[in-house]
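The values are calculated or read from the model by the stated rules, or taken from the named source; none is laboratory data. What you see is a predicted model; the values in this text were computed from it and never measured. Note: ideal-geometry Cβ built from the backbone for every residue, glycine included; neighbour counts use all protein chains shown. Just the protein is used for accessible areas: all its heavy atoms, side chains included, with ligands, DNA and RNA removed. Shrake-Rupley method; radii C 1.70, N 1.55, O 1.52, S 1.80 Å.
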Amino acid sequence: MKTLKLIVSCLLATSLFISCKKSGLETYSGQNNIYFQNKRSNETHIPVDYGIYSFGYVDPKTTEAIFPIIVMTTGGKSDQDRPYKLLIDPTSTMVKGRDYVIINNNFTVKSGQVSDTLRVRLLRNTEFKKENLKLLLKLESNENFSTSMNSQEIGTGSGKYISYFTRFLLEANDIPGAPDFWDPAKSPSASLIIGYLGKFSGLKFKLLIERYGLNLGELTAPGYVPSIPSIFDWSYGMKSYLDEQAASGNPIMDEDGTPMQLGVYVQ
């Protein structure tokens with residue numbers, strides 16, 4: 001549940017025309033709003049209110065990870081530091097100090113800036129092996145910023161849902177399960193993925209990430225599906241690597257103790 005390419009430079013030159021009431025709000029003029037950075041989809045800016053991180057795909061020796069979350073503002077720049085109000089919702093299942101620490105000493109948009117970056121340090125422990133743990137962050141209005149840019153309806157009909165500008169749900173675990181795009185129960189594209197990359201395994205996924213320098217947050221984001229060219233590149237590139245290692249007498253073994261295999265389309 002997925003990683004997250006969020007807009008930065010485009011907001012410097014364009015206006016943001018969405019809010020909970022779909023009224024116009026210019027990015028750096030007008031009312032001073034605070035919100036979690038959004039993304040662009042089909043020429044529209046929509047909220048990004050969810051992120052996920054899994055230790056299940058990284059080296060067992062890795063004991064922590066930093067998850068950045070960008071906070072943006074509308075209205076003009078200021079020549080003074082502007083504190084903003086951030087709350088941890090009590091429904092969160094992550095425990096401060098045990099599961100996470102927010103590195104920021106304070107929550108402030110610095111002088112001359114229009115954004116701030118929250119840095120959440122996730123602390124790997126056995127609790128993450130049991131289930132997804134959740135951290136729900138909420139922005140609230142104060143003397144410097146309002147939160148009138150609150151939410152937006154996404155989609156139509158039965159698929160319609162509400163996404164939020166002022167709240168962000170971070171989930172984390174230490175469970176090396178298949179990402180959505182590789183899981184037949186979650187994605188209709190999974191059969192094609194399996195045909196090329198083969199049956200999912202944590203070791204295979206980890207090797208794929210390492211060899212291609214892939215973004216874990218993006219790969220595990222809900223609804224993410226890799227492009228067809230990416231699938232071809234990954235599968236044939238992995239096949240060449242596995243064949244090369246086997247020919248040199250160093251076959252790459254999978255979790256079941258047998259040589260790692262790819263899908264039937266690349267055999």
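Name the residues in the stretch 243-252 that are under 16 Å from residue 205 (Cα atoms) and open to solvent by 80 Å² or more (accessible area, probe 1.4 Å), would you?
Residues satisfying the conditions do not exist here.
Within the stretch 144-189, track down each residue that is of a type in the set (A, V, I, L, M, F, W, C) and closer than 30 Å to residue 126 by Cα.
168, 169, 170, 172, 175, 178, 181, 182, 185
Take the residues of the stretch 220-253 that are small (Gly, Ala, Ser) and in a helix (DSSP H, G or I): which is farthest from residue 49 (Cα to Cα)? Explain how you work it out, then say what you get.
Initially, the stretch 220-253 is screened for residues small (Gly, Ala, Ser), giving 221, 223, 227, 230, 235, 237, 240, 246-249.
Now drop any that are not in a helix (DSSP H, G or I), which leaves 230, 235, 237, 240, 246-247.
Working: 230: 27, 235: 32, 237: 34, 240: 39, 246: 44, 247: 47 Å.
Within the stretch 220-253, the match that is farthest from residue 49 (Cα to Cα) is 247.
Given the conditions (1) open to solvent by less than 40 Å² (accessible area, probe 1.4 Å); (2) at pLDDT 95 or above; (3) more than 22 Å from residue 48 (Cβ to Cβ), and given that residue 84 satisfies all but one, which numbered condition is not satisfied?
(3)
Being within 15 Å of residue 196 (Cα to Cα) and open to solvent by 20 Å² or more (accessible area, probe 1.4 Å) is the filter here; which residues of the stretch 210-242 pass it?
From the stretch 210-242, those within 15 Å of residue 196 (Cα to Cα) are 225-242; that's our starting set.
Hits for the stretch 210-242 are 225, 227, 228, 229, 230, 232, 233, 236, 237, 239, 240, 241.
When only residues in the stretch 94-114 that are more than 17 Å from residue 66 (Cβ to Cβ) and among the hydroxyl-bearing types (Ser, Thr, Tyr) count, which is surrounded by the fewest Cβ atoms within 10 Å (Cβ to Cβ)?
111
Output the helices (runs of 4 or more DSSP H) that fall wholly within the stretch 147-219 and possess 1 or more residues being under 19 Å from residue 53 (Cβ atoms) and either modelled with pLDDT of 95 or more or under 21 Å from the mean Cα position of the chain (by Cα) (or both), or say none.
202-212, 216-219
Under 6 Å between Cβ atoms, which residue pairs at least 6 apart in sequence (or on different chains) link something in the stretch 84-106 that is in a strand (DSSP E or B) with a partner that is of a type in the set (Val, Ile, Thr) and open to solvent by less than 60 Å² (accessible area, probe 1.4 Å)?
Here the result reads 100/120; 102/120, each pair linking the stretch 84-106 to a residue that is of a type in the set (Val, Ile, Thr) and open to solvent by less than 60 Å² (accessible area, probe 1.4 Å).
Cβ-Cβ under 8 Å, sequence separation 6+ or interchain: first residue in the stretch 41-60 and within 17 Å of residue 99 (Cα to Cα) and assigned to a strand (DSSP E or B), partner open to solvent by less than 40 Å² (accessible area, probe 1.4 Å) and at pLDDT below 75. Which pairs?
Sorted first by the residue in the stretch 41-60, then by its partner, the pairs are 51/2; 51/3; 52/2; 52/3.
Report yes if residue 131 is over 26 Å from residue 75 (Cβ atoms), of a type in the set (D, E, K, R), part of a loop (DSSP other than H, G, I, E, B) and open to solvent by 40 Å² or more (accessible area, probe 1.4 Å), otherwise no. It would help to see each step written out before you state the result.
Details: over 26 Å from residue 75 (Cβ atoms): yes; of a type in the set (D, E, K, R): yes; part of a loop (DSSP other than H, G, I, E, B): yes; open to solvent by 40 Å² or more (accessible area, probe 1.4 Å): yes.
Here the answer is yes, as residue 131 does meet what is asked.
Kindly indicate which of 138, 160 is touching a Leu at 6+ places or on another chain (Cβ under 7 Å), over 30 Å from residue 61 (Cα atoms) and not aromatic (Phe, Trp, Tyr).
Working: 160 fails: touching a Leu at 6+ places or on another chain (Cβ under 7 Å).
Answer to the check: 138.
Would you point out the residue of the stretch 157-199, among those that are among the charged types (D, E, K, R) and open to solvent by 60 Å² or more (accessible area, probe 1.4 Å), that is farthest from residue 87 (Cα to Cα)?
Within the stretch 157-199, the match that is farthest from residue 87 (Cα to Cα) is 199.
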